[in-house]
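Undergrad: This is the structure I have questions about; it appears just below.
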Amino acid sequence: MADANAAVAVVTVSLVLLGLLSGLSLSWALLPVAVVVLIFVLASGLKGRDELAHLNVCVLVLGDIGRSPRIQYHALSLSRHGYNVTLIGFLGTKPHQDIIEDDRIDILPISELKGLTVGPRIFRYASKVIFQSFQLFYVLMKIEDQGYILMQNPPGLPAIAVTWVASRLRGNQFIIDWHNYGYTIMALTHGENHFIVKLAKWYEKLFGRFSDHNLCVTNAMREDLRKNWNIEATTLYDKPPPIFRETPLKLQHELFIRMGSTYLPFRPSLDVTKEYMELTAFTEHNTQTGAVTRSAGRPALLISSTSWTEDEDFSVLLQALEEYEKFVEAGHKLPSLVCVITGKGPQKEYYKKLIDSKEFHHIKICTPWLEAEDYPVLLGSADLGVCLHKSSSGLDLPMKVVDMFGCCLPVCAIHFQCLHELVKHEENGLIFKDSKELSEQLKLLFSDFPGDQGKLGIFRKNLRESGQQRWDENWDHNVLPLIKEHCD
């Protein structure tokens, strides 16, 4: 492992080159040299190692903490084993209540800096990277002594390099949790041959090798890191925490009532009224006896979740729903559908307009954003999940499917390279390649709805009997020994 001086030299040269390649003047390009001065000024003032530093772990994501479930799970697992956690990231979305209420977890928010708003696009992007570098470095040097810094990648620009430098100066162990490759996500927008994408790949490959330890989300990624990046990693599959489970009928009804106050598809038909009954589109609550039952003739609840990014093409689902509508109108014995698509992201408004342009008679669609506590309750109430995630690298797995399986919810998922590590075709769900295949699968799975003797019921039964591993057990087996070995 290179020492602090080598780290400073590499980072300084890299930033200067980035500035020159971005078309900056020499004086601007040499601005990163100020980083060197700042590093040595701060480093010279550092205190000796805190003897209790091995009980402190910094968990870092250069993104929204509330939309980074795996990072939150890491923090909770560390706290559960007695470690004090400093959780660093953006506070755009409320984290899970368990994070907020945990006395051992201290959330340290950082700003999502935008960079300069004038000049060429590449200049604005470079300024954003520089500003974020300064902010992140300052925060990492300011926090109390840590035994470990555990960082999610992506996003890794500039987080990998900055975190590495800070960890070398402060004597922390540095671990990267590889969810994907950041450059492949950039390639979805710019194309794989774009200069920025090539630069990002070079950066990720260079600085990724300087970590002390690595985790990754699939065996396929572990092999790719070893073969093409010369990085040894431990596979830590995403596994559902205990909050993801089948939802009792009473809790389903309570959620549907809350959802119905905002979203019409959860409300009962206007022509349905029953004395002493509180109704939703799916459930009935007898206000005298307290009993909750499923509504006769209820629609099937189809759910998908998304970050509304380029690696998920929701036109595939919309086209499949159009075909499903034709099946119903042609006389096939199929239920009406309520399709719920949850999440936030850059393409949400585009798809909302596309959805609003559709004229369905047997399908209702809504696109809510759910609080962290309500999302698993809705998954545990649904009849079928749909996943349109296509990994930009072909090497990561959709966490949404992991969560659905935790709720014993069968899934239809679009095919990509390593999906077989999670979805077992004809065992816990079905894999499709296009909208036509998906529409046929929807027709097949809902052909005996709401009965449980068909494929949908068999898949759910298989999930119930699978004895699937949960996050805590998985983390304790793969990560805890590493932490104890180097921090205790």
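The values are calculated or read from the model by the stated rules, or taken from the named source; none is laboratory data. Not measured: the values here are computed from a predicted model. Don't worry about glycine lacking a Cβ; one is built from the backbone with ideal geometry, like all the others, and counts go over all protein chains shown. Protein only, heavy atoms only, side chains kept; ligands, DNA and RNA dropped before computing areas. Shrake-Rupley method; radii C 1.70, N 1.55, O 1.52, S 1.80 Å.
Undergrad: Of Pro248, Leu206, Pro268, which is farthest along the charge dipole of the stretch 173-285 in the positive direction, counting Lys and Arg as +1 and Asp and Glu as -1 at C-beta?
TA: About the Cα centre, the residue reaching furthest to the positive side is Leu206.
Undergrad: When averaged across all projection directions, what area in nm² does the alpha-carbon convex hull of the stretch 49-115 cover?
TA: If I average the Cα hull's projected area over directions, I get 5.0 nm².
Undergrad: Now for a different question. So what is the orientation-averaged projected area of the stretch 142-199, using the convex hull of its C-alpha atoms, in nm²?
TA: Seen from a random direction, the Cα hull of the stretch 142-199 projects 4.4 nm² on average.
Undergrad: Continuing with this model, one more query. Which whole-number percent is the relative contact order of the chain (Cα, under 8 Å, 6+ apart)?
TA: 12
Undergrad: Moving on to the next point. Could you calculate, for the stretch 165-248, the ratio of the Cα radius of gyration to the Kirkwood radius, expressed as Rg to Rh?
TA: For the stretch 165-248, the value is 1.09.
Undergrad: Here's another thing I want to ask about it. So what does the Cα-only Debye profile of the stretch 318-400 read at q = 0.11, 0.17, 0.21, 0.25 Å⁻¹, as log10 I(q)/I(0), no solvent term?
TA: -0.38, -0.89, -1.20, -1.36
Undergrad: Follow-up. Label Lys250 and Lys461 with points 7 Å out from Cα along Cα→Cβ: what is the distance between them in nm?
TA: Taking the two extended label points, one gets 2.9 nm.
Undergrad: Using DSSP to call loops (not H, G, I, E or B), can you name the GluC sites (Glu not before Pro) in the stretch 276-337 whose Cβ has at most 16 other Cβ atoms within 10 angstrom?
TA: Glu310
Undergrad: OK, next. Quickly work out the Leu113-to-His362 label distance, labels modelled 7 Å from Cα along the C-beta direction, and quote it in nm with one decimal.
TA: Taking the simple label geometry, His362 and Leu113 are separated by 5.6 nm.
Undergrad: Under a 5 Å amide H to amide H cut-off, with H placed in plane at 1.01 Å, what residues pair with Thr234 once short-range neighbours are removed?
TA: Hits under the 5 Å cutoff: Asn214, Leu215, Cys216.
Undergrad: Tell me which lysines have Cα within less than 22 Å of Lys142's Cα, excluding those fewer than 8 residues away on the same chain?
TA: Partners found: Lys47, Lys128.
Undergrad: Gln288 versus Arg80, label points 7 Å from Cα toward the beta carbon: distance in nm?
TA: If labels sit at Gln288 and Arg80, their model points lie 4.6 nm apart.
Undergrad: Here's a follow-up. Averaging the inverse of every distinct alpha carbon separation and then flipping it gives the Kirkwood radius. What is it for the stretch 334-488, in angstrom units?
TA: It is 17.5 Å.
Undergrad: Any idea what Rg and Dmax come out to for the stretch 219-362 if you just take the C-alpha atoms, in Å?
TA: 20.5, 69
Undergrad: On C-alpha positions alone, give me the angle between the axis of helix 33-44 and the longest principal axis of the chain, in degrees, nearest 10.
TA: 80
Undergrad: Compute the FRET efficiency between Glu223 and Lys333 as 1/(1 + (r/R0)^6), taking r as their Cβ-Cβ distance and R0 = 60 Å, and round to the nearest 0.05.
TA: 0.85
Undergrad: When the Cα centres of the stretch 141-190 and the stretch 362-386 are compared, how far apart do they sit, in Å?
TA: 33
Undergrad: Pairs of alpha-carbon atoms within less than 8 angstrom and 6+ residues apart define the contacts here; what relative contact order does the stretch 407-477 have, in percent?
TA: Relative contact order of the stretch 407-477: 33 percent.
Undergrad: For every helix of n ≥ 4 consecutive DSSP H residues, a contribution of -39,500 (n - 2.57) applies; sum these over the chain, divide by its total residues, and give [θ] at 222 nm rounded to the nearest 500 deg cm²/dmol.
TA: -12500 deg cm²/dmol
Undergrad: Here is a follow-up. Calculate what fraction, in whole %, of the accessible area of the chain sits on carbon and sulfur atoms when a 1.4 Å probe is rolled over the protein chains.
TA: Of the solvent-accessible surface of the chain, carbon and sulfur hold 53 percent.
Undergrad: Mind checking which lysines have their Cα closer than 24 Å to the Cα of Lys274? Skip sequence neighbours fewer than 8 apart in that chain.
TA: Filter leaves Lys250, Lys364.
Undergrad: Moving on. Return one number: the angle in degrees, 0 to 90 and rounded to the nearest 10, between the long axis of the Cα atoms of helix 69-80 and the longest principal axis of the Cα atoms of the chain.
TA: Result, in degrees: 70.
Undergrad: Looking at the stretch 265-351, which trypsin sites (Lys or Arg not before Pro) are in a loop (DSSP not H, G, I, E or B) and have at most 14 other Cβ atoms within 10 Å?
TA: Filter output for the stretch 265-351: Lys274, Lys333.
Undergrad: In addition: With a bin width of 20 angstrom, please list the P(r) values of the chain as percents of all Cα-Cα pairs, from the 0 bin to the one holding the largest distance.
TA: With 20 Å bins starting at 0, P(r) equals 22, 51, 24, 4.
Undergrad: I would also like to ask the following. Whose amide H sits under 5 Å from the amide H of Gly63, counting only residues 5 or more places off or on another chain, with H placed in the peptide plane?
TA: It is Phe90, by chain and number.
Undergrad: Considering the zone a paramagnetic label at Leu354 would reach in this model (a point 7 Å from Cα along the Cα-to-Cβ line), which residues of the stretch 381-412 have amide N under 14 Å from it?
TA: Within reach of a label on Leu354, which here means backbone N under 14 Å from a point 7 Å along Cα→Cβ, the stretch 381-412 contributes 388-390.
Undergrad: Multiplying the sequence separation of Trp369 and Lys436 by 0.36 nm and subtracting their Cα-Cα distance, what value in nm do you get?
TA: Taking Trp369 through Lys436 to full extension adds about 21.3 nm, to one decimal.
Undergrad: Multiply the residue gap between Glu278 and His194 by 0.36 nm, knock off their C-alpha separation, and tell me the result in nm, one decimal place.
TA: Between Glu278 and His194, full extension yields an extra 24.5 nm.
Undergrad: Are there trypsin sites (Lys or Arg not before Pro) in the stretch 386-488 that DSSP marks as loop and that have at most 12 other Cβ atoms within 10 Å, and which are they?
TA: Those that pass, being in a loop and sparsely packed, are Lys433.
Undergrad: Would you mind calculating the relative contact order of the stretch 103-164 from Cα pairs under 8 angstrom and at least 6 residues apart, reporting the percent as a whole number?
TA: Computed over the stretch 103-164, the figure is 29 percent.
Undergrad: Please work out the C-alpha center-to-center distance from the stretch 448-477 to the stretch 234-257 and express it in whole Å.
TA: What the calculation gives is 12 Å, centre to centre.
Undergrad: Just how many % of Cα pairs in the stretch 245-318 lie over 14 Å apart, if you round to the nearest whole percent?
TA: 67
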